[in-house]
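I have placed the structure first, in the form of structure tokens, so that the comments after it can refer back to it.
The values are calculated or read from the model by the stated rules, or taken from the named source; none is laboratory data. Quick caveat: nothing in here was measured; it's all calculated off a predicted structure. Note that each Cβ is placed from the backbone with ideal geometry, even for glycine, and that neighbours are counted across all protein chains shown. When the accessible area is computed, the model is the full protein with side chains, heavy atoms only, and any ligands, DNA or RNA have been set aside. Shrake-Rupley method; radii C 1.70, N 1.55, O 1.52, S 1.80 Å.
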Amino acid sequence: LGGSGGNNQPIDVSPIGCRSSNCIEDVLLSDDCTKVKKINTKFSSLKSNLVTLKGKTNLAQEYGIYIDNQAIATTPNPVQNFPSGVGGMININDSPTNPYVMIAHTHDATGQGQGTYSVFSMDDLGKLGKLANSNAIDSNQMVFYLATADATQYAITIHDVNKLKNFFGNTSATTVGASFDSEKFKKISLIQTKYYDL
């Protein structure tokens, strides 16, 4: 949704007619596009912040911004910056005081010196899943933006947060006695191998 290709031509995200007898795909597409439009309408400064963020994709580290669910349309500065983390990545708080309703970040050209993805990385998707599992996002409003050094731009919305939570649920035992879901870990590893480890 809302993405553009290397030639920077906008992608038409308007419904294109029924693809099934009950038009369920069109309804879902419409709902997701409505979330993107709604957050951009509610926060008039968001678009300019996204443009500024896109302008940072040529720098040698990631940058990110967010809005939490305490911000309202009249909040003076609803868009906040994520602090820098290690290795040129941003530091997204897994336990924020208030759940996020918008997160946007960049993929820079160097990507820790090894190049980077022109799409959301598996780590990006895993982070979104982790935030969902810790109730750190408001999934009814959440829009997750990405701008890359490859001149691509994307926005993800969440239609079924339970599926996201389940897919990126516990795949590692980090505490004594915690269970490890090896089948889920295998599925995630297969996707990582098929789409990212080229």
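Here the condition is being assigned to a helix (DSSP H, G or I) and under 10 Å from the mean Cα position of the chain (by Cα); of Leu164, Leu128, Leu146, it holds for Leu128 alone. When the residues of the stretch 60-77 are filtered to those that are closer than 23 Å to Asn91 by Cβ and open to solvent by 70 Å² or more (accessible area, probe 1.4 Å), which remaining residue is modelled with the highest pLDDT? Among those residues, the one meeting the criterion is Gln70. Within the set of pairs 6 or more residues apart or between chains, which connect a residue that is modelled with pLDDT of 90 or more inside the stretch 21-46 to a residue that is open to solvent by 50 Å² or more (accessible area, probe 1.4 Å) and of a type in the set (D, E, K, R) with Cβ atoms less than 8 Å apart? Once the first residue is modelled with pLDDT of 90 or more and sits in the stretch 21-46, its partners that are open to solvent by 50 Å² or more (accessible area, probe 1.4 Å) and of a type in the set (D, E, K, R) give Asn40/Lys47. In contact with a helix residue (DSSP H, G or I) (Cβ under 6 Å, 6 or more places away or on another chain), modelled with pLDDT under 90 and open to solvent by 30 Å² or more (accessible area, probe 1.4 Å): is that true of Pro10 in this structure? Considered against the rule, which asks whether it is in contact with a helix residue (DSSP H, G or I) (Cβ under 6 Å, 6 or more places away or on another chain), modelled with pLDDT under 90 and open to solvent by 30 Å² or more (accessible area, probe 1.4 Å), Pro10 comes out as no. Residues satisfying the criterion are present in the stretch 78-95 (criterion: over 28 Å from Ile188 (Cα atoms), out of contact with any Lys or Arg (no Cβ under 9 Å at 6 or more places or on another chain) and touching a residue at least 24 places away in the same chain (Cβ under 8 Å)).
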